[in-house]
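Here's the structure, in structure tokens; my notes come after.
The values are calculated or read from the model by the stated rules, or taken from the named source; none is laboratory data. What you see is a predicted model; the values in this text were computed from it and never measured. No Cβ is skipped: glycine too gets one built from the backbone with ideal geometry, and neighbour counts run over all protein chains shown. Side chains are part of the model used for accessible areas, which takes the heavy atoms of the whole protein and leaves out ligands, DNA and RNA. Shrake-Rupley method; radii C 1.70, N 1.55, O 1.52, S 1.80 Å.
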Amino acid sequence: MLAKSTEMRKQSSILRKQYVFLLAESTEMNARYTEMRKQSSILRKQYAFLLAESTEMRKQYAFLLIEIDSIGYSKFDQLK
């Protein structure tokens, strides 16, 4: 009976240590997940900003093409 009680205490001690280890692992994984969510949010904001910048640059490029095109026609008309 004493041997069985000793064995059960050993097993209980092992299980407590495993529980503490798993709890620490879970806490670390939660922290990593939180950090990844923050990084993902930052990347989404950067993507939105770059998309807006790209759209603005395309508009300006189109405007410049129209300006260049109209200047070209004006000079062509002057040559006539």
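Return the calculated 222 nm mean residue ellipticity for the chain, to the nearest 500 deg cm²/dmol, obtained by summing -39500 (n - 2.57) across DSSP H runs with n ≥ 4 and dividing by the residue count. Can you show the working numbers first?
Numbers: 1 runs with 78 residues, N = 80.
After summing the helix terms and dividing by residue count, I get -37000 deg cm²/dmol.
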Gained length - residue 58 relative to residue 17, 0.36 nm times residue gap less alpha-carbon distance: 8.7 nm
Excluding ligands and nucleic acids, what accessible area in Å² is computed for residue 22 using a 1.4 Å probe, to the nearest 10? 110
Just to verify a number: what accessible area does residue 55 come out at with the full protein assembly present, 1.4 Å probe, Å² rounded to tens? 50
Treat each spin label as a single point 7 Å out from the Cα along the C-beta direction, and report the residue 44 to residue 67 distance in nm. 3.7
With +1 on each Lys and Arg Cβ and -1 on each Asp and Glu Cβ, how big is the dipole of the chain about its Cα centre, in debye rounded to the nearest 20? 720
Of 54, 31, 5, farthest towards positive along the dipole that unit charges on Lys, Arg, Asp, Glu beta carbons give the chain: 5
Per residue of the stretch 50-64, in order, report the coupling 6.51 cos²θ - 1.76 cosθ + 1.60 (Karplus, θ = phi - 60°) as ³J(HN,Hα) in whole Hz, putting x for Gly and Pro. 5, 5, 5, 4, 4, 4, 5, 5, 5, 4, 5, 4, 4, 4, 5
